[in-house]
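Worksheet for the structure shown next.
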Amino acid sequence: MMRNPLIAGNWKMNTTLDEAIVLVQDMLKEKEDGDSVEKVICPPFISLPAIKDLLKGTSFKLGAQNMYFEDKGAYTGEISPLMLSALCDYVILGHSERRHYFMENDETVNKKVKKAFESGLKPILCVGESLEDNEAGKTEQIIIGQVETDLANVVPTGDLVIAYEPIWAIGTGKAATGKQANVTINLIRRTLADQWNKETAQKVRILYGGSVTGNNIGEFIAESDIDGALVGGASLKAVEFSSIIKQAANLKSTQ
Ligand code: PEP
């Protein structure tokens, strides 16, 4: 089964509007690599409209970093799927920083995943274990629990994207190895096959995230079950992000 690789950049809470515009302009100066890799950038909410304009006619797609699970109402400070679906194709949901700093849990993530699909947005659902759970040998149990609860009563669809992001690898410079990531990503695919069905599980793209750089992307892309990467820090550097995309395109085309 050939799945189109996806490289997504999560800018987190970085870049003012002006800085975001310059970063996108710098990315667009890098040589085009065609459509063999789907490319998504996820800037802060306030930059989405301006970046949407800049990306018109390019092969980059736009994603948001979070959303609320209601369409509108008295939810001060939240962003609605209706506001995002006019601007974005994708939305990152359940990022470990949302779970850790903003008390999101699997039940709220599940509501968001359902709402995203209802609103025409494709979720990039993040799952991953903490260092403590990893060291206690609980990775499998944690990951299966997250996938099952986050996707409870979600209609099976190949439009889902999952990012496996071990928390101990995010922003630490200590990436998992390609082999380690592939084992857990294969577990995620088997869990999906049990929960949904094998055919859909084969269509879902599952990314690795956690300290991906231009120096280590090759190690992940080479693995059979890894369909791309969710990139944090390195997505804020135009040349490096472009190098990650180009390497992914080259490596997947030779597999
Ligand atoms: C992320 O924010 O999803 C991430 C993986 O960050 P970093 O690449 O900086 O570890």
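When the Cα gyration tensor is reduced to axis lengths a ≥ b ≥ c, the ratio a/c stays below 1.5 for the chain, which is therefore classed as rounded. Counting charges near Thr191 (Lys, Arg +1; Asp, Glu -1) among other residues having Cβ under 14 Å from its Cβ returns a value of -4. Longest stretch of the chain clear of exposed loop sites (GluC sites (Glu not before Pro), DSSP loop, at most 16 other Cβ atoms within 10 Å, sites excluded): 79-255.
Applying 1/(1 + (r/R0)^6) with R0 = 45 Å to the Cβ-Cβ distance of Asp33 and Val155 gives a FRET efficiency near 0.85. Annotation: amide H of Val91 within the under-5 Å range of Ala64, Lys122, Ile124, sequence separation 5 or more or interchain, hydrogens built in the peptide plane. Compared with the direct C-alpha span, the chain from Leu131 to Asn250 gains 39.6 nm at full extension, assuming 0.36 nm per residue.
What does DSSP give for the chain in terms of the percent of beta bridges that are antiparallel, rounded to the nearest 5?
Working: 0 of 28 bridges.
Roughly 0 percent of the DSSP beta bridges within the chain come out antiparallel.
Once you reduce segment 72-121 and segment 228-245 to the center of their Cα atoms, the two points are 24 Å from each other. Loop-located chymotrypsin sites (Phe, Trp or Tyr not before Pro) in segment 139-196 (DSSP state other than H, G, I, E, B) with a sparse environment of at most 11 neighbouring Cβ atoms within 10 Å are absent. Legend: distances between Cα atoms for Lys114/Lys252; Lys31/Lys174; Lys31/Lys252; Lys12/Lys252; Lys56/Lys112; Lys56/Lys174; pairs beyond 25 Å are Lys114/Lys252; Lys31/Lys174; Lys12/Lys252; Lys56/Lys112; Lys56/Lys174.
3J(HN,Hα) couplings calculated from phi for segment 129-140 with the Karplus curve 6.51 cos²θ - 1.76 cosθ + 1.60 (θ = phi - 60°) are, in sequence order, 9, 7, 4, 4, 5, 4, 5, 8, x, 9, 3, 4 Hz; Gly and Pro show x.
Any read-out appearing in this document is the output of simple, stated calculations on the displayed coordinates, not a laboratory observation. Small disclaimer: the values here were computed from a predicted structure and weren't measured. Glycine gets a Cβ as well: all are built from the backbone with ideal geometry, and neighbour counts include every protein chain shown.
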